[in-house]
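Student: Questions regarding the structure given below will be posed in turn.
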Amino acid sequence: MIFHLTSRTHRREEWFDPELRTTIAALIRRMVARTDAQLLAYAVMPNHLHIVLRQGRMELAQVMQPLMRRVALRVQRRYDFEGSVVERRYRDRSCTTPDHARSAIIYTHLNPWRAGLCGDDLAYEWTSHAAYLPGADPGELGIHPETRERILELFADQPNLSHVELAERYRTALEWRMRADRYQMASEAGLH
């Protein structure tokens, strides 16, 4: 089963500064690699994180609790305090269809753009987005190359596409979602 997991800081405090985001992204990659789960996507924001993974035999708690404990310790050391770092237990949503899995990955990778933390190029170093682009080394971002290929196949609109064609379909899906979001924001603002 594929899950979209989120965890938010207590009172939405923006504790995850750039240095901590780098540390947390590395922790996500390292901690998931120690389990039988497969990392599909992640984004570390200033006050929350998103992880999309395929669960293995281990329970989600066996993946998330050690990760979140390490995240909490890093924040507590950085800001020299004791107490809650995260708002509550992480949230998990199962992705029961290929469309839902695609949507979770797109949502995760567009989260920095929606928050105004990057431009349309989605150049935000604390996501796995670049792992799905042509020429990328997905292993550097914690995504196994075979996993990347299976995920890119979710974006195929016809059989037997090359890796470059699949990556282009992924990029097209992101761009479509960005246009749809812009249209929705304009509609809500009364501009349409």
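Student: How large is the Rg to Rh ratio of region 35-122 when both quantities use alpha carbon positions and Rh follows Kirkwood?
Tutor: Value, to two decimals: 1.00.
Student: With unit charges on the beta carbon (Lys/Arg positive, Asp/Glu negative), name the residue among Gly142, Leu53, Ala167 whose Cα is farthest towards the positive pole of the charge dipole of the chain.
Tutor: Leu53
Student: For a paramagnetic label modelled at 7 Å from the Cα of Arg78 toward its Cβ, which residues of region 19-39 fall within the zone defined by backbone nitrogen distances under 19 Å?
Tutor: Once the point is set 7 Å along Cα→Cβ of Arg78, 19-32 turn out to lie under 19 Å by backbone N, inside region 19-39.
Student: Ok, one more. When the dipole is taken about the Cα centre of region 88-192, and only Lys, Arg (+1) and Asp, Glu (-1) are charged at their Cβ, what size is it in debye, to the nearest 20?
Tutor: Around 560 debye, computed over region 88-192.
Student: Taking the Cα centre of the chain as the origin, how large is its charge dipole in debye, to the nearest 20, when only Lys and Arg (+1) and Asp and Glu (-1) carry charge on their Cβ atoms?
Tutor: It comes to approximately 720 debye.
Student: Now for a separate question. Pick from Arg102, Arg88, Arg177 the residue whose mean-square fluctuation is largest in a GNM of the chain, springs joining Cα atoms under 10 Å.
Tutor: Among Arg102, Arg88, Arg177, the largest mean-square fluctuation in the Gaussian network model of the chain belongs to Arg88.
Student: While we're looking at this one, here's another question. Rounded to the nearest 20 Debye, what is the dipole magnitude of region 49-126 about its Cα centre when Lys and Arg each give +1 and Asp and Glu each give -1 at the C-beta?
Tutor: With Lys and Arg at +1 and Asp and Glu at -1, about 360 debye.
Student: On average, how much area does the Cα convex hull of region 62-164 cover when viewed from any direction, in nm²?
Tutor: 8.9
Student: Report the gain in length on full extension from Ser162 to Glu125: 0.36 nm times residue separation, minus Cα-Cα distance, nm rounded to one decimal.
Tutor: 10.7 nm
Student: Apply 1/(1 + (r/R0)^6) to the Cβ-Cβ distance of Arg12 and His144, taking R0 = 35 Å, and write down the FRET efficiency to the nearest 0.05.
Tutor: In this case the efficiency is close to 0.60.
Student: Keeping all protein chains in position, work out how much accessible area Glu125 exposes to a 1.4 Å probe, and write it in Å² to the nearest 10.
Tutor: Approximately 130 Å² for this residue.
Student: Expressed in nm to one decimal, what extension gain is obtained for the pair Ala180 and Asp137 from 0.36 nm per residue of sequence separation less their Cα-Cα distance?
Tutor: Length difference between fully extended and current span is 12.5 nm.
Student: How big is the Rg/Rh ratio for the chain, C-alpha atoms only, Rh by Kirkwood, two decimals?
Tutor: Answer for the chain: 0.97.
Student: Related question: On a C-alpha basis, how far is the centre of region 123-177 from the centre of region 4-51 in Å? Whole number, if you could?
Tutor: Value for the Cα centre distance between the two parts: 20 Å.
The values are calculated or read from the model by the stated rules, or taken from the named source; none is laboratory data. Nothing here was measured: the structure is a model prediction, and the numbers come from that model. Note that we place each Cβ from the backbone using ideal geometry, even for glycine, and neighbour counts take in every protein chain shown. When the accessible area is computed, the model is the full protein with side chains, heavy atoms only, and any ligands, DNA or RNA have been set aside. Shrake-Rupley method; radii C 1.70, N 1.55, O 1.52, S 1.80 Å.
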